[in-house]
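Chemist: Dumping the structure here so I can ask a few things about it.
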Amino acid sequence: MKGSIYTIFYSAVLAVVCALLLTSANAFTRPHIEANKAAERMRNILEVLEVPGVEKAGSKELTQIYEEKVSEKQYGTLNVYETADGAVAVPFAGPGLWGQVKGFLALESDKKTILGVTFYEQEETPGLGGEIGAQWFRDQFRGKSLRGKDGKPGILIVRDGNAAPNGVDAISGATMTCDKVQAMLNEVIGTIVKELGHDVQ
Amino acid sequence: MSNSAPPAIGGACGQGLCGGKCKEILREGVWGNNPISIQILGVCSALAVTNKLENSIVMGVALIFVCAMSNLLVSLLRNATPRRIRMIAEVAIIATFVIVFDLFLKAFYFEMSKSLGPYVGLIITNCIVMGRAEAYALRNPPMMAVVDGVANGLGYAAVLVIIGFFRELIGSGKLLDIVVLSDNWYIPNQMMILAPGAFLALGFLIALANYIKPRQEEETK
């Protein structure tokens, strides 16, 4: 009985000590961590909108450039990040093959042509599905239309897709990832077409 | 597994830092009883994070820190800890230091924290840390436990750095993100940065360590 009381007492003291250590470490690092996360988000938005001077900027400069160039706007249910010349970055997210995929889709000022795509969070297979983050894959999106030849909104990520005005080449060996990315992009494109009131062609 | 420490080691702490045992403990951790190449512990993270040299270094530093600090605390508390809950106590201590390290990484080395992903948190379940706490810190004085923690952390770090060196060099032609093998004439072997490369590199390393070690022992006999 005496041993049990001591054991409980010991556990309680150890738990309190560990909790205190963690609380103080957390309190100390929190402002830095939050600044990092905010800077990371700004960096992604600025990069997809192709604002120059972002690559080597520290978090303070990033904040400055961001506040200067980007304003947050809302079109109906659609939140966008818009630059002065009218280019917009739209966040999107959806399930990938292994985990959540998150990114931004940027449109040129006509809001019909794709400027670029980034994926800032993805856990797809490195070398296969993970290639969605690679430059060659993302570069294909530049200048593509939000609509196909038949006027239907949506993007195609298929084999030899690059020939279509709204298509890009898929990644060999990563059909699942490509299909899922296509689905999440089409979802956001659907919202864009609806909320930005593109004329029905 | 009696609770009493061997008197020779227990009493040695008074003289010097750890009674001239430092060198021996260090040599055991890094080479003679290396946690990865000899004991085959901590292999999961050794395979997962070694595709770049920088990752390997940071992961090694993390393990040295966690192993030393948790060994210190476990050793300080060794006479106060009830035997029945000693493992829970060890896990609590280890987890605390791992989370502290993870927080600092996120705060001051954000890029690295992103590329190491969940593997820093997974140090909690690294057999090396728990193994040293159980096998060494519980029955040895604090100073020696710290040295032992550092030694085993170093042993782990050394293996990771060697694997990371070859995987980054062969797999992407770079070292610490600086191009070493120009892509004008070198085609990176991507397999080395994927999982098979990790198994291959670790296998070679363990084979090599086990080839050299018995010969060395024979020579010293």
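The values are calculated or read from the model by the stated rules, or taken from the named source; none is laboratory data. Keep in mind the model is a prediction, meaning the values are calculated, not measured. No Cβ is skipped: glycine too gets one built from the backbone with ideal geometry, and neighbour counts run over all protein chains shown. Please note that ligands, DNA and RNA were not included when accessible areas were found on the heavy atoms of the full protein model with its side chains. Shrake-Rupley method; radii C 1.70, N 1.55, O 1.52, S 1.80 Å.
Chemist: Looking at the structure I just gave you, is residue A:79 open to solvent by less than 40 Å² (accessible area, probe 1.4 Å), at pLDDT below 90 and not acidic (Asp, Glu)?
Modeler: no
Chemist: State the number of residues belonging to segment B:96-111 that are at pLDDT 85 or above, open to solvent by 40 Å² or more (accessible area, probe 1.4 Å) and not aliphatic (A, V, I, L, M).
Modeler: 4
Chemist: Provide a single number: the residues in segment B:33-63 that are among the β-branched types (Val, Ile, Thr) and open to solvent by 40 Å² or more (accessible area, probe 1.4 Å).
Modeler: Counting residues in segment B:33-63 that are among the β-branched types (Val, Ile, Thr) and open to solvent by 40 Å² or more (accessible area, probe 1.4 Å) gives 4.
Chemist: Report yes if residue A:159 is over 25 Å from residue A:49 (Cβ atoms), of a type outside the set (A, V, I, L, M, F, W, C) and away from chain B (no Cβ under 14 Å), otherwise no.
Modeler: yes
Chemist: Right, another one. Go through B:186, B:211 for me and flag whichever is in a helix (DSSP H, G or I) and among the hydroxyl-bearing types (Ser, Thr, Tyr).
Modeler: B:211
Chemist: Quick one: in segment B:160-176, of everything that is in contact (Cβ under 8 Å) with a residue 24 or more places away in the chain and open to solvent by less than 10 Å² (accessible area, probe 1.4 Å), which residue is nearest to residue B:133 (Cα to Cα)?
Modeler: Per the stated criteria, the residue is B:160.
Chemist: Among (1) at pLDDT below 90; (2) touching a helix residue (DSSP H, G or I) at 6+ places or on another chain (Cβ under 8 Å), which single condition is residue B:93 missing?
Modeler: If we test residue B:93 against (1) at pLDDT below 90; (2) touching a helix residue (DSSP H, G or I) at 6+ places or on another chain (Cβ under 8 Å), just (1) comes out false.
Chemist: Quickly run through segment B:73-89 and pick out the residues that are within 23 Å of residue A:23 (Cβ to Cβ), more than 10 Å from every other protein chain (Cβ to nearest Cβ) and crowded, with 20+ Cβ neighbours inside 10 Å.
Modeler: B:74 - this is the single residue of segment B:73-89 that is within 23 Å of residue A:23 (Cβ to Cβ), more than 10 Å from every other protein chain (Cβ to nearest Cβ) and crowded, with 20+ Cβ neighbours inside 10 Å.
Chemist: Sticking with this one: Anything in segment A:42-84 that is of a type in the set (D, E, K, R) and under 25 Å from residue A:190 (Cα atoms)? List them, or say none.
Modeler: Selection gives A:47, A:50, A:72, A:73, A:82.
Chemist: Check B:197, B:153, B:149, B:164 and return the single one that is within 14 Å of chain A (Cβ to nearest Cβ) and assigned to a helix (DSSP H, G or I).
Modeler: Unique residue meeting the criteria: B:197.
Chemist: Taking segment A:162-177 as the region of interest, how many residues are under 19 Å from residue A:97 (Cβ atoms), buried (at least 18 other Cβ atoms within 10 Å of the Cβ) and free of Cβ contacts under 8 Å to residues at least 24 places away in the same chain?
Modeler: Going through segment A:162-177 one residue at a time, the tally reaches 1.
Chemist: Quick one: count up the residues across segment A:14-55 that are open to solvent by 30 Å² or more (accessible area, probe 1.4 Å), assigned to a loop (DSSP other than H, G, I, E, B) and touching a residue at least 24 places away in the same chain (Cβ under 8 Å).
Modeler: Residues meeting the conditions: 1.
Chemist: When you scan segment A:9-39, how many residues do you find that are of a type in the set (Val, Ile, Thr) and more than 7 Å from chain B (Cβ to nearest Cβ)?
Modeler: 4
Chemist: Can you say whether residue A:88 is surrounded by 14 or more Cβ atoms within 10 Å (Cβ to Cβ) and in contact with an Asp or Glu (Cβ under 6 Å, 6 or more places away or on another chain), as far as the supplied structure shows?
Modeler: Taking the combined requirement at face value, the residue satisfies it.
Chemist: For segment B:108-133, what are the residues that are within 27 Å of residue B:74 (Cα to Cα), of a type outside the set (S, T, N, Q) and free of Cβ contacts under 8 Å to residues at least 24 places away in the same chain?
Modeler: Those that are within 27 Å of residue B:74 (Cα to Cα), of a type outside the set (S, T, N, Q) and free of Cβ contacts under 8 Å to residues at least 24 places away in the same chain: B:118, B:121.
Chemist: Still on this structure: For the subset of segment A:114-127 comprising residues that are open to solvent by 30 Å² or more (accessible area, probe 1.4 Å) and under 14 Å from residue A:48 (Cβ atoms), which member is nearest to the chain's Cα centre (by Cα)?
Modeler: The extreme case among them is A:120.
Chemist: Here's another thing I want to ask about it. Return the only residue of A:103, A:130 being within 18 Å of the chain's Cα centre (by Cα), under 30 Å from residue B:172 (Cα atoms) and assigned to a strand (DSSP E or B).
Modeler: A:103
Chemist: Kindly evaluate residue A:158 against the criterion of being open to solvent by 40 Å² or more (accessible area, probe 1.4 Å) and free of Cβ contacts under 8 Å to residues at least 60 places away in the same chain.
Modeler: yes
Chemist: While we're on this one: Going through segment B:112-156 one residue at a time, which ones are open to solvent by 50 Å² or more (accessible area, probe 1.4 Å), of a type outside the set (A, V, I, L, M) and closer than 16 Å to residue B:62 by Cα?
Modeler: If the condition is that a residue be open to solvent by 50 Å² or more (accessible area, probe 1.4 Å), of a type outside the set (A, V, I, L, M) and closer than 16 Å to residue B:62 by Cα, then B:114, B:115, B:118, B:119, B:125, B:127 are the ones that fit.
Chemist: Right, next: Within the set of pairs 6+ apart or on separate chains, which have a first residue in segment B:177-204 that is open to solvent by 100 Å² or more (accessible area, probe 1.4 Å), a second that is in a loop (DSSP other than H, G, I, E, B), and C-beta atoms under 7 Å apart?
Modeler: B:183/B:173; B:190/A:127
Listed here are the residues, each with its yes/no results for (1) out of contact with any strand residue (DSSP E or B) (no Cβ under 7 Å at 6 or more places or on another chain); (2) among the acidic types (Asp, Glu); (3) at pLDDT 90 or above.
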{"residue": "A:136", "(1), (2), (3)": "yes, no, no"}
{"residue": "A:140", "(1), (2), (3)": "no, no, yes"}
{"residue": "A:158", "(1), (2), (3)": "no, no, no"}
{"residue": "A:164", "(1), (2), (3)": "no, no, no"}
{"residue": "A:172", "(1), (2), (3)": "yes, no, no"}
{"residue": "A:177", "(1), (2), (3)": "yes, no, yes"}
{"residue": "A:180", "(1), (2), (3)": "no, no, yes"}
{"residue": "A:183", "(1), (2), (3)": "no, no, yes"}
